[in-house]
1. Among the listed residues 251, 157, 153, 198, which satisfies the condition of being over 24 Å from residue 127 (Cβ atoms) and either part of a helix (DSSP H, G or I) or over 17 Å from the mean Cα position of the chain (by Cα) (or both)?
2. Here are 64, 31: which of them is outside any loop (DSSP other than H, G, I, E, B), surrounded by 18 or more Cβ atoms within 10 Å (Cβ to Cβ) and aliphatic (A, V, I, L, M)?
3. Which of (1) open to solvent by 10 Å² or more (accessible area, probe 1.4 Å); (2) farther than 25 Å from residue 247 by Cβ; (3) in contact with a helix residue (DSSP H, G or I) (Cβ under 8 Å, 6 or more places away or on another chain); (4) at pLDDT 90 or above does residue 5 not meet, given it meets every other one?
4. Tell me which residues, restricted to the stretch 77-96, are assigned to a helix (DSSP H, G or I), open to solvent by less than 10 Å² (accessible area, probe 1.4 Å) and of a type outside the set (Gly, Ala, Ser).
5. Answer yes or no: is there a residue in the stretch 228-250 that is more than 13 Å from residue 5 (Cα to Cα), open to solvent by less than 60 Å² (accessible area, probe 1.4 Å) and at pLDDT 80 or above.
6. Just give me the residues in the stretch 254-270 being open to solvent by 40 Å² or more (accessible area, probe 1.4 Å), part of a loop (DSSP other than H, G, I, E, B) and either touching a helix residue (DSSP H, G or I) at 6+ places or on another chain (Cβ under 6 Å) or basic (Lys, Arg) (or both), in sequence order.
7. Within the stretch 8-28, which residues are open to solvent by 40 Å² or more (accessible area, probe 1.4 Å) and under 15 Å from residue 95 (Cβ atoms)?
8. Is it the case that the stretch 177-186 has a residue that's open to solvent by 30 Å² or more (accessible area, probe 1.4 Å), within 21 Å of residue 39 (Cα to Cα) and under 15 Å from the mean Cα position of the chain (by Cα)?
Amino acid sequence: MWVGFALVSALCLGFYDVMKKLSVRDNDVLAVLLLNTFFGALLMSPVIIGGLANGSAGLGGGGAGHLLILAKAVIVLLSWLPGYFAIKHLPLTIQGPINASRPVMVLVGAVAIFGERLNWIQWIGILLGFASLFFISRIGSREGFSFRESRWILLSIAAAVMGAVSALYDKFLLKRFDPLEVQAWYSLYQCVVMGCSILVVRRVVRRGGASPRFRWRWTILFIPLFLTAADIAYFHALSMPDSMISVVSMIRRGSVLIPFLYGVFALHERNVKVKLLDLSVLLLSLVLLVVGSSM
């Protein structure tokens, strides 16, 4: 059952990435990011309001629990800020596979922290995931996005690393709290943290030059819709006792298929054949992980 929730989450994440790309292109990244967090908090507000109406502060009413959720919001901030700037400047057919490397990082933490063990089929899948990351590094160099010199590549990698940290922290949280409550309070704290942080970042950006003019696009509204749906499925998957964070994380990275196809057919990005080879290797690794999880 948890594999099914992970697949639903992957589908929603794919459309989420496309909506991000459409929203931030030639637009003010920070304004788009702030609106995303605001609408996300608005979507989950009925859960908080319902809890308060029943005389509960949520998360068992413990202040320590709220501090743990606040920490989650900070971790996501450190992933989203570089990630939004990276997706604005990188082709989807490069940024997507880099983002899909998160499960490799999650695997290291899952084995070291949670003591998870993989069978031989899943290990083959992980090795193919490493191979996929190597291929995309070579492709990026062809298009002028060197892993060593491009700041957008470095920002994308930083976003992936912090995303992996966030995934491991999620497993920790969902052993202690209800998934829906975690998502609701996290959305609220995320909006507050993002708002305060963006005010600071905005001042720094203005000192360095004028920021792009903000343009409203309806795709901005779809960012939190797809993200909220993806998170609901994701949190439910992780909350199941037999779920494995390393496998759930890898399945979610299958979302790369949707932005990849959009980048090829709608944006007409280059080097499609070699990128398709890389994507095929990645998808094969995901299939092996799903098959291995059912053994």
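1. Just a single option satisfies the conditions, and that option is 198.
2. On the way: 64 fails: surrounded by 18 or more Cβ atoms within 10 Å (Cβ to Cβ).
None of the others qualify; the one that does is 31.
3. With (1) open to solvent by 10 Å² or more (accessible area, probe 1.4 Å); (2) farther than 25 Å from residue 247 by Cβ; (3) in contact with a helix residue (DSSP H, G or I) (Cβ under 8 Å, 6 or more places away or on another chain); (4) at pLDDT 90 or above applied to residue 5, the lone miss is (2).
4. 84, 87, 92, 93, 94
5. For the stretch 228-250, residues more than 13 Å from residue 5 (Cα to Cα), open to solvent by less than 60 Å² (accessible area, probe 1.4 Å) and at pLDDT 80 or above: present.
6. Result: 270, single match.
7. 25
8. No, because not a single residue in the stretch 177-186 is open to solvent by 30 Å² or more (accessible area, probe 1.4 Å), within 21 Å of residue 39 (Cα to Cα) and under 15 Å from the mean Cα position of the chain (by Cα).
The values are calculated or read from the model by the stated rules, or taken from the named source; none is laboratory data. The shown structure was predicted, so the numbers you read here are calculated from the model rather than taken from an experiment. Note: ideal-geometry Cβ built from the backbone for every residue, glycine included; neighbour counts use all protein chains shown. Just the protein is used for accessible areas: all its heavy atoms, side chains included, with ligands, DNA and RNA removed. Shrake-Rupley method; radii C 1.70, N 1.55, O 1.52, S 1.80 Å.
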